[in-house]
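Before any comments, here is the structure.
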Amino acid sequence: MGAGAGAGAGAAAGQAGERRFGEFVVVRRHGYVAELALDRPKAMNAVSTDMARSVAAACDALAADRDVRVVVVTSTHERAFCVGADLKERNSFSDADLVRQRPVARGAYTGVLELPMPTIAAVHGFALGGGFELALSCDLIVADRTAVVGLPEVSVGVIPGGGGTQLLPRRVGAARAAELIFTARRLEAEEARELGLVDQLVEAGQDRAEALALAERIAANSPVGLRAAKRALRLGHGLDLRAGLEVEDAAWRSVAFSGDRAEGVAAFNEKRKPAWPGE
């Protein structure tokens, strides 16, 4: 797992700990930061039906936890973040099996996408297909120099079905996303950073540590403000300016009379760190 395992430790007394969701997902607490670790190393974190259920269940629990200010999605595999859907499992499916699995699979991706707090993916090695879609579902992606990303689904007769056709163009524009999806090509870390597929490029082996450190910096801010800012960013994207400003105004009104706003203003004037009430 490397450096950074203790990032944020001690930030919130009594909030350290570990909880497993099924066989393939573990959530670790680092103060106000939660780490959702993909833990199916024998399959390079290929997303099986069971693993998809576990990711969705972990996200449901995190979304309901008001003490979690930031979530970091990591991998326990040394050479991969996640290689996408479990094609060995899929090879045994009938058409009816595939139809039944679809909402389960979607639940994993939408679970990450709809987390109400800021999310960061820590990517190393292969992040392909559904694996890259899990990363794209996060607000920020920190990748190390071993990262190889891409959406190769058309090369096996399907399309990116975990949000890729919608999330990638929001990062890199419609034409660039079309080129990457239609060619099914893989991108190494440097090119991925240049094109905006990842946000921060770090040295090999440092993706988790750097993502947790970034999460700790974010988590120092108001939890009420963070969630409202994310809501405004997500809901306002793609709207015309006037509609977007209305979304922003609604988010502002949701925090303007909060305990966090009162504490933030008081702490600024008293030249001290705020003690956020989180409400």
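The values are calculated or read from the model by the stated rules, or taken from the named source; none is laboratory data. Computed from a prediction, not measured in an experiment: that's the story for all the values here. So basically every Cβ, Gly included, is an ideal-geometry build from the backbone, and we count neighbours across all protein chains shown. Quick note on the areas: whole protein, heavy atoms, side chains included, nothing else; ligands and nucleic acids left out. Shrake-Rupley method; radii C 1.70, N 1.55, O 1.52, S 1.80 Å.
Answer with yes or no whether Ala275 is free of Cβ contacts under 8 Å to residues at least 24 places away in the same chain and either among the hydroxyl-bearing types (Ser, Thr, Tyr) or part of a loop (DSSP other than H, G, I, E, B) (or both).
Considered against the rule, which asks whether it is free of Cβ contacts under 8 Å to residues at least 24 places away in the same chain and either among the hydroxyl-bearing types (Ser, Thr, Tyr) or part of a loop (DSSP other than H, G, I, E, B) (or both), Ala275 comes out as yes.
Scan region 16-26 for residues that are assigned to a strand (DSSP E or B) and crowded, with 19+ Cβ neighbours inside 10 Å and jot them down.
Phe21, Val25, Val26
Residues of region 195-237 being among the small types (Gly, Ala, Ser) and closer than 17 Å to Pro116 by Cα, which ones?
Ala215, Ala219, Ala220, Ser222, Gly225, Ala228, Ala229, Ala232, Gly236
Scanning for something within 29 Å of Arg145 (Cα to Cα), at pLDDT 95 or above and surrounded by 16 or more Cβ atoms within 10 Å (Cβ to Cβ), does region 253-269 turn up at least one residue?
The answer is no; no qualifying residue exists.
State all residues of region 137-150 that are open to solvent by 10 Å² or more (accessible area, probe 1.4 Å) and free of Cβ contacts under 8 Å to residues at least 60 places away in the same chain; if no residue qualifies, say none.
Listed by number, the residues that qualify are Arg145, Val148.
Which ranges mark the helices (runs of 4 or more DSSP H) fully within region 155-247 that have 3 or more residues being at pLDDT 95 or above, open to solvent by 70 Å² or more (accessible area, probe 1.4 Å) and within 22 Å of Gly84 (Cβ to Cβ)?
174-183
Condition first: within 16 Å of Arg193 (Cβ to Cβ) and over 16 Å from the mean Cα position of the chain (by Cα). Now tell me which residues in region 151-172 satisfy that.
The answer is Val172, and nothing else.
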